[in-house]
Amino acid sequence: MARSVLTWIVSVVAACTSMSVAATILPEDDVTYRGATRYNNTNVFGMFTKGDGAADRGYIEFALGSEAASSAVLKLYNYWGAPHGKTVNATVRLRAISEDEPGYVTWTDTAGPAPSGTAHEDWTILVDSFAVDSTPQWYTFDITSFYNANLGEKVTISIRCLTNPAGDGPIFEDKENTGGTGMAPHIEWVPEPASLALLVMGSLMLARRRH
């Protein structure tokens, strides 16, 4: 009997620790600035950036969950097709700030983060640089450390172009589906597995009740 109970406990623990149910967090808000002009759900802009990113820059706000994640992935879809028939490349950087940090700006219907200047350069570098070409596709980033460091907080992510591509710049889909792709930006996260010790204790207690 003891052997069968032990076998059952081991199987329960193995099943529980192997479970990983991903959850999705959609944006609270997003916006594009060109200089001091704010664009939101305005064709053709989704989250747009070009040049050195000082004037043309996208922002996106998320409300993070309160549970620690074993994995958290930010996904952005670029729907920027080949401008003027050219195949071009751009280099982009992501920075981020949480609401408990100095310099965070609360979002409203008509205002968001600073539209230009260098204030963003004090934000945490989330992704130092990545190449974006003119092929519409998903871009995926592991942000687990940043996610777990800011549980339960609202965070703003800056999308900044570091190079000046010929023609237009990258345009990432926004939450309003301005680009018509249906590929909304989001965070996919997986909760950390429950403590193995707690699972074993729970299994033992259940086994004692059954026998």
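Each value in this text was obtained by applying a stated rule to the coordinates, not by laboratory testing. If you're wondering where the values come from, they're calculated on a predicted model, not measured in any experiment.
Students often forget the sequence filter, so: which lysines lie under 17 Å Cα-Cα from K86 once same-chain residues fewer than 8 apart are removed? Once the sequence-local lysines are set aside, what remains near K86 is K50. For the range 21-192, the alpha carbon convex hull comes to 101 Å³ per residue, rounded to a whole number. Under 5 Å between amide hydrogens, built in the peptide plane, is the criterion, and for G65 it picks out G152 among residues at least 5 positions away or on other chains.
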